[in-house]
Amino acid sequence: KTSAGSCATDRGEQRDLADPRELSLEEVLKSYEQPINEEQAWAVCYQCCSWLRLPRPLAGRLHRVKDPSYILLHRDGAVSLQPELRHNGRPAARHLFPP
C-alpha cells in the first residue's frame, strides 16, 4: 500500500515521489499510465549509452538493466543507472560497462 506521495517499485522499494532528485523510468511510466513515445524512447536510449560511456572507477564489469526501475531520469534531463540490489535490500557492487 502506498500513500499519495509515494510509489512502490517492482523491486519492492518505496520511493517518495516528492523527492526532487530523480525518478525511475518505471515510476514515470506508472504515473502517466501510458508508454513513452518513440522520440522519448530514443532519447532515453541515447542518454543511457552516453552515461555508460563515461569512465567509471570499477570499469570492466557489467551493469545489468533488468527492468525500467534501473533507469533513473533526473530533473535536468540526465539519465543514470541504479545499482543492482542484493536480496537483502542493500546495494550490490556497482557493475559498469567498460568505456
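Bear in mind that the values in this text are calculations on the coordinates, not laboratory data. No experiment lies behind these values; they were computed from the predicted model shown. Cβ sites come from the backbone with ideal geometry, for glycine too, and all protein chains shown count toward neighbours.
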(Q) Taking amide H atoms as placed 1.01 Å from N in the peptide plane, list the residues 5 or more away in sequence, or in a different chain, whose amide H sits under 5 Å from that of Leu81. (A) Leu72
**Q.** Environment charge of Gly77, counting only residues whose C-beta is closer than 14 Å and scoring Lys/Arg +1, Asp/Glu -1
**A.** -1
